[in-house]
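This report refers to the structure that appears directly beneath it.
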Amino acid sequence: DIFWTLSDGSDARSVGDTFDMRKGNTAPPQPADAPKKGRIDPTPFSMPDTATIPTRNWTYDKIFCRKVVTVTAAPGGLGKSSLEIVRGLAMVTGKPLLREHVNSALNVWIYNLEDDREELTRRTAGAMEYYKLTNEDLGGRLFIDSGMEKPLCTAIELSGRGQLREPVFEELTLAIKERGIDHLVIDPFVSSHELSENDNNKIDMVAKRWARLAYECDISIGLVHHTRKTNGEAATIEASRGAKSLIDAARVGLVLNPIDKTLRDEWKLTPSQVAFSVDNGKSNLAPPTKRKFFL
């Protein structure tokens, strides 16, 4: 940029409609209060009647909230996908299957990008059998898709830069609105894009696009994620694999850890029984909940 001093002593920058060094001319100055086309204009704020301000609309306990992205991180094979299925069943039936608060029966879409439909059916049917649920309990409100049948890619690398695939988000938006979806699960997040997992700028771009989808569709979104290896130490939400910008973009972050040997012995668990704890590692919208244990 080229800077120079105007006749009134003020500084100006070389922009096309103000000054052209080659032509040596200037444009007439604009009034200070003239509308600035294409510029961001601050929005005035005034205190409303607090009774008119809506409370946060939680779809499930203090974990999933409309217009918000929640990230659930865990080591591979621990049970995070099964947890999401059971929580989905609780939301669909309106029953507190895990002794967590459920507001009402909602429409839930679980989009699993790793398992095939047969495995997803096996897990879901097993959970339904355990909790004695029937198709009448589901009421047509549960939707499950497999990435093996319906691949999902929301962002790609193009000439070293990240690029959102907006047509995919448009299709998701249409499906969510047509089916009246209240809660969407993407499992796992890493399989929903082709970006470099460790690039903060690129992951921030796609994470915020999920957040915008949640806002525009007025739904809650759960992104299932992996933790990196912690060499035997308990994982925190900061141990989520890849770029930290994913956790930064989420408003709620949960982390799963396996039950240690002392507790397994105390509870007399068999080697085949999977048990884990869930900690609220990030909670921007409500006080963090206490550690929970699941078997």
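Tabulated results
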{"quantity": "Percent carbon-and-sulfur accessible area, the chain, ignoring ligands, DNA and RNA, probe 1.4 Å", "calculated": "51 percent"}
{"quantity": "Inter-label distance, nm, simple model (7 Å from Cα along the C-beta direction), residue 153/residue 103", "calculated": "3.6 nm"}
{"quantity": "Degrees between helix 117-130 axis and first principal axis of the chain (Cα, 0 to 90, nearest 10)", "calculated": "60 degrees"}
{"quantity": "Accessible area of the chain divided out per residue, in Å², using a probe of 1.4 angstrom", "calculated": "59 Å²"}
{"quantity": "Bridge type composition, the chain - antiparallel percent by DSSP, nearest 5", "calculated": "50 percent"}
{"quantity": "Surrounding net charge for residue 236, when Lys and Arg each add one and Asp and Glu each subtract one, Cβ distance under 10 Å", "calculated": "-2"}
{"quantity": "Selection from 217, 231, 247, by position along the positive dipole direction of segment 200-261 (Cβ)", "calculated": "231"}
{"quantity": "Segment 207-225-segment 235-280 distance, computed between alpha-carbon centres (Å)", "calculated": "22 Å"}
{"quantity": "Folded to 0 to 90 degrees: helix 200-217 orientation relative to the chain principal axis, Cα", "calculated": "80 degrees"}
{"quantity": "Charge dipole magnitude, Cβ of K and R +1, D and E -1 - segment 191-268, Cα centre, debye nearest 20", "calculated": "80 debye"}
{"quantity": "Cβ charges +1 (Lys, Arg) and -1 (Asp, Glu), total dipole of segment 95-147, debye", "calculated": "300 debye"}
{"quantity": "On Cα atoms only, tilt of 166-179 relative to the major axis of the chain in degrees", "calculated": "50 degrees"}
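The values are calculated or read from the model by the stated rules, or taken from the named source; none is laboratory data. Bear in mind that the values here come from a model prediction, so they are computed numbers and not experimental data. For neighbour counting, all protein chains shown are included, and Cβ atoms are generated from backbone atoms with ideal geometry for every residue, glycine included. The accessibility values were calculated without ligands, DNA or RNA, using every heavy atom of the protein model including side chains. Shrake-Rupley method; radii C 1.70, N 1.55, O 1.52, S 1.80 Å.
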